Amino acid sequence: MYKVIIKLLLIFFISACSRSLSPSLTTLPKIQTGNLPEGTMEITIPFLSNCSHSQDQLLQFNPDEPMLILVHGCNGSAGKFLALANVFAFHGQQTACFNYNDRDSMMTSSAQFIRAIRVLREHMNNPKITVIAHSQGGLVARKALIRERTEASQWEQDIELHLITISAPFAGISAAKYCGSNVALFLSLGASIPICQMITGDKWSEIHHSSDFIQQPGTLIDPVDYYLKIVTDERESCLYQNEAGECIENDYIFTVEEQYFTKVDIDPLLVNVEVNAGHMEIVGDENIIPTKLINVLQKQGIMNPTPPSSKKELVKLLETLY
């Protein structure tokens, strides 16, 4: 039984995270600023930077314009969203990326996110911030924006916040159930906890269904006036095919049941949109243009519409980025 538990935990490790960034994506160009308002401010904000593969943490932006903050998932990085940031830039919208260690406790990461947003807000005029968070990043971002945090009373009321989460397992990760199981703890002679911690890091106690992190999602703070939750039906998805058209790597990470959770979904601000898309497909990968995500974001008014005269130019940009 002990060996079975270890095997199941290893399967969880392999399956419960987004794939890491494809090496070829690191050659993408920097953010194309031609359609953006001029970036008149440069500051350093811990955990927040322009979306790039650079180690430079300097954030350049226009304080008079709204800001979109992109939050990566497990095995992600700021560079993961470089291509998507370019798509937003094409539509005249500025972005920043939140950088965090996905092995840290998500309570720790969400506290870092709170601090980053507050510092950014201090440098914005008429601050409007939209958070777009994928996978584990959705759990981190939402947990940062709840009333039950000790920091909740310190939120400024003059900030306008929108939240968009994508493919986030709000019901807990099913494959991690043994990390919260007393039976597994007993049968493994106490080894299940150090194994879970070794595999997932300090977040091990937060990701299973019975954890307080999952079971007590909290209520969104007042400055959040819109919440879009994109659920991906990842069945029959494929990340890579061989020359014969056969799938050699699927794109199935979370079930729809892992993404729906009544305690989250009862929020009156929430709009649920379900999309038939793979876990990485929805945000884009090396050879996958995130067309479905772009369509949803434009339909919901998050991404600016593409002018008819610029559609051919957008197609060329997407072919270059992906």
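The values are calculated or read from the model by the stated rules, or taken from the named source; none is laboratory data. Everything quoted here is computed from the prediction, not taken from an experiment. Using ideal geometry, Cβ is built from the backbone for each residue, glycine included, and neighbour counts are taken over all protein chains shown.
Matching residues to (1) touching an Asp or Glu at 6+ places or on another chain (Cβ under 7 Å); (2) at pLDDT 95 or above:
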position	(1), (2)
I248	no, no
F254	yes, yes
Y260	no, yes
D265	no, yes
E286	no, no
T291	no, yes
G301	no, yes
T306	no, yes
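Yes/no per residue for (1) of a type in the set (A, V, I, L, M); (2) in contact with a strand residue (DSSP E or B) (Cβ under 8 Å, 6 or more places away or on another chain); (3) part of a loop (DSSP other than H, G, I, E, B); (4) without any contact (Cβ under 8 Å) to a residue 40 or more places away in the chain:
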residue	(1), (2), (3), (4)
D104	no, no, yes, no
M107	yes, no, no, no
F113	no, yes, no, no
I117	yes, yes, no, no
T130	no, yes, no, no
C179	no, no, no, no
V183	yes, no, no, yes
P194	no, no, no, yes
Q197	no, no, no, yes
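The criterion of being over 13 Å from L48 (Cβ atoms) and either of a type in the set (K, R) or crowded, with 18+ Cβ neighbours inside 10 Å (or both) does not hold for L120. Within region 132-153, if we keep just the residues that are out of contact with any helix residue (DSSP H, G or I) (no Cβ under 8 Å at 6 or more places or on another chain) and assigned to a helix (DSSP H, G or I), the residue that is nearest to Q259 (Cα to Cα) turns out to be G138. Close Cβ contacts (under 9 Å, 6 or more residues apart or on different chains) running from residues in region 282-295 that are more than 13 Å from L82 (Cβ to Cβ) and of a type outside the set (V, I, T) to residues that are modelled with pLDDT of 95 or more and surrounded by fewer than 17 Cβ atoms within 10 Å (Cβ to Cβ) comprise K292/N276. Do we have P169 as under 22 Å from L293 (Cβ atoms), touching a residue at least 24 places away in the same chain (Cβ under 8 Å) and crowded, with 17+ Cβ neighbours inside 10 Å here? In short, yes. Within region 241-251, if we keep just the residues that are free of Cβ contacts under 8 Å to residues at least 12 places away in the same chain and in contact with a strand residue (DSSP E or B) (Cβ under 8 Å, 6 or more places away or on another chain), the residue that is farthest from V283 (Cα to Cα) turns out to be N242.
Being of a type in the set (A, V, I, L, M, F, W, C), surrounded by fewer than 20 Cβ atoms within 10 Å (Cβ to Cβ) and closer than 18 Å to V224 by Cβ: is that true of A144 here?
Numbers: of a type in the set (A, V, I, L, M, F, W, C): yes; surrounded by fewer than 20 Cβ atoms within 10 Å (Cβ to Cβ): no; closer than 18 Å to V224 by Cβ: yes.
The answer is no for A144.
Being touching a Lys or Arg at 6+ places or on another chain (Cβ under 9 Å), outside any loop (DSSP other than H, G, I, E, B) and at pLDDT below 95 is a property that L82 has. Considering each residue of region 220-228 in turn, at least one proves to be within 16 Å of the chain's Cα centre (by Cα) and either more than 21 Å from G172 (Cβ to Cβ) or surrounded by 15 or more Cβ atoms within 10 Å (Cβ to Cβ) (or both).
The residues of region 202-219 that are more than 17 Å from D265 (Cα to Cα), in contact with a Ser or Thr (Cβ under 8 Å, 6 or more places away or on another chain) and either surrounded by fewer than 18 Cβ atoms within 10 Å (Cβ to Cβ) or among the small types (G, A, S) (or both), listed by number, are D202, S205, S211.
Whether a residue is crowded, with 21+ Cβ neighbours inside 10 Å, acidic (D, E) and closer than 17 Å to G137 by Cα was assessed, and E281 passes this test. If you go through region 266-288 and pick out every residue that is over 17 Å from the mean Cα position of the chain (by Cα) and in a loop (DSSP other than H, G, I, E, B), you end up with 6. All of (1) more than 26 Å from F170 (Cβ to Cβ); (2) in a loop (DSSP other than H, G, I, E, B); (3) touching a residue at least 60 places away in the same chain (Cβ under 8 Å); (4) among the hydrophobic types (A, V, I, L, M, F, W, C) hold for F254 with one exception: (1).
Applying the selection to region 171-197, what residues are of a type in the set (F, W, Y) and more than 20 Å from R103 (Cβ to Cβ)?
Correct list: F186 only.
Reported count of residues in region 161-185, each being modelled with pLDDT under 95 and within 25 Å of P63 (Cβ to Cβ), is 0.
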